[in-house]
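J.: Let me begin by handing over the structure; questions about it come next.
The values are calculated or read from the model by the stated rules, or taken from the named source; none is laboratory data. Predicted, not measured: the structure shown is a model, and the values here were computed from it. Here the Cβ positions follow ideal geometry from the backbone for every residue, glycine too, while neighbour counts run over all protein chains shown. Note: accessible area is taken over every heavy atom of the protein model, side chains too, but ligands, DNA and RNA are not part of it. Shrake-Rupley method; radii C 1.70, N 1.55, O 1.52, S 1.80 Å.
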Amino acid sequence: MDELFRRYLEALGKTEWMPPEHLRDYQQGLLRQLVRHAHSQIPFYTKRLDCLLAAGGEIDLQRWEEVPILTRTEAMAHSAEMRAGELPAALGTIADHKTSGSDGAPVFFTVNSLARFAYNGALTRLALWHGADPGRPLAQIRIYRQDVVPRYPQGQTTKSWSWADPDTDVFGLDMRTPVADQIEWLLRHKAPYLMTLPSNALALAYAASPEIAKELGFETIFSISETILPGARQFIADKLGAKLVGIYSCEEVGYVATECPVAEHYHICSEMTFVEIVDDAGLPVAPGQPGRVLVAGLYNYAT
């Protein structure tokens, strides 16, 4: 395992047990650094974040609610103004990405490698919580938006779904493949772990006979991109013998929350994502009340 990644996992193992006030201080330190960078380096945010600048150049997060909420329309119209041209070497290289466009046209954005490092830390921590071994293979059946789409019958084979083990096989297949062909492909690419949409996991569970399910040998299925419907976890456990584990994420900011291994709730990835639940006026709702989810990625200095 890379020494830097090992140390980051160790840090996550400590922050997840911090008292709330200590975790909040840790998070706000990251947020202040991001605000300072965005204000000085990203043209779109210079005036937008003026309200947070206090005397002496300090960042006053007590005025955070005065910052206008970024809308999807703004993100699409001003994507070029929201990007950093260059970054310090410590923040890593910049890569181009785009969203799925499920709510309309896709949003184009960039991500620096330090952010991807943090995202993988969240995935690795989740895997370890649920007893998955980063040294064993993972199959992914999803919609691919970057690079070459891995189509049936070959799919693709890459390495390292977790940075904890750079040599582990990762098998990829386009989710638009018919379910029967997905099963045939999975039988050729044996992996104890699968990452896919919960609706696709349900489709596999419905289609697989008990004999096929046993041969597939899934232990853990990581659920992405959709809400897990009531009863889905039990049905998949009964049919495929696998534990369904939820991941709440979005392409623009990475991991938002991941499923607890011992209780029926999710833990916010506070070390890398600032999450707020607000009402229609943009103000925080009371605990337990529904609202809009606002997210800010704390490590993506590229967009």
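J.: Might you check whether a residue that is aromatic (Phe, Trp, Tyr) and farther than 30 Å from Thr157 by Cβ occurs anywhere in region 211-232?
T.: Looking for residues that are aromatic (Phe, Trp, Tyr) and farther than 30 Å from Thr157 by Cβ, one finds none in region 211-232, hence no.
J.: For region 141-171, give me each residue that is touching a Ser or Thr at 6+ places or on another chain (Cβ under 7 Å) and under 20 Å from Gly217 (Cα atoms).
T.: Those that are touching a Ser or Thr at 6+ places or on another chain (Cβ under 7 Å) and under 20 Å from Gly217 (Cα atoms): Ile141, Arg142, Trp161, Thr168, Asp169, Val170, Phe171.
J.: Which members of region 250-272 meet the condition of being buried (at least 23 other Cβ atoms within 10 Å of the Cβ) and of a type in the set (Val, Ile, Thr)?
T.: Listed by number, the residues that qualify are Val253, Thr258.
J.: Residues that are within 28 Å of Cys260 (Cβ to Cβ) and part of a helix (DSSP H, G or I): does region 106-114 have at least one?
T.: Yes.
J.: Is one or more of the residues making up region 70-86 within 24 Å of the chain's Cα centre (by Cα), without any contact (Cβ under 8 Å) to a residue 60 or more places away in the chain and within 23 Å of Arg24 (Cα to Cα)?
T.: Yes.
J.: Here is a further query. Name every residue in region 118-168 that is within 21 Å of Ser199 (Cα to Cα) and among the polar types (S, T, N, Q), in order of residue number.
T.: Passing the criteria: only Gln140.
J.: Are any residues in region 228-246 open to solvent by 10 Å² or more (accessible area, probe 1.4 Å), at pLDDT 95 or above and within 20 Å of the chain's Cα centre (by Cα), and if so, which ones?
T.: Listed by number, the list holds a single entry, Lys243.
J.: Still on this model: Within region 121-150, how many residues are at pLDDT 95 or above and not small (Gly, Ala, Ser)?
T.: The qualifying residues number 14.
J.: Moving to a separate point now. Considering only residues of region 156-166 that are in a loop (DSSP other than H, G, I, E, B) and touching a residue at least 24 places away in the same chain (Cβ under 8 Å), which is most open to solvent (accessible area, probe 1.4 Å)?
T.: So the residue we want is Trp163.
J.: Further question on the same structure: Working carefully through the options Leu53, Leu61, find the one that is open to solvent by less than 40 Å² (accessible area, probe 1.4 Å) and more than 30 Å from Glu226 (Cβ to Cβ).
T.: Leu61
J.: Now a separate question. Take Leu216 and decide whether it is open to solvent by 30 Å² or more (accessible area, probe 1.4 Å), over 20 Å from the mean Cα position of the chain (by Cα) and touching a residue at least 24 places away in the same chain (Cβ under 8 Å).
T.: Against the criterion (open to solvent by 30 Å² or more (accessible area, probe 1.4 Å), over 20 Å from the mean Cα position of the chain (by Cα) and touching a residue at least 24 places away in the same chain (Cβ under 8 Å)), Leu216 does not qualify.
J.: Then there is this: All but one of (1) surrounded by 12 or more Cβ atoms within 10 Å (Cβ to Cβ); (2) more than 18 Å from Pro88 (Cβ to Cβ) hold for His39; state the number of the condition that does not hold.
T.: (2)
J.: Filtering region 178-213 down to residues that are open to solvent by less than 40 Å² (accessible area, probe 1.4 Å) and of a type in the set (Val, Ile, Thr), which residue is nearest to Tyr248 (Cα to Cα)?
T.: In this case the residue turns out to be Thr196.
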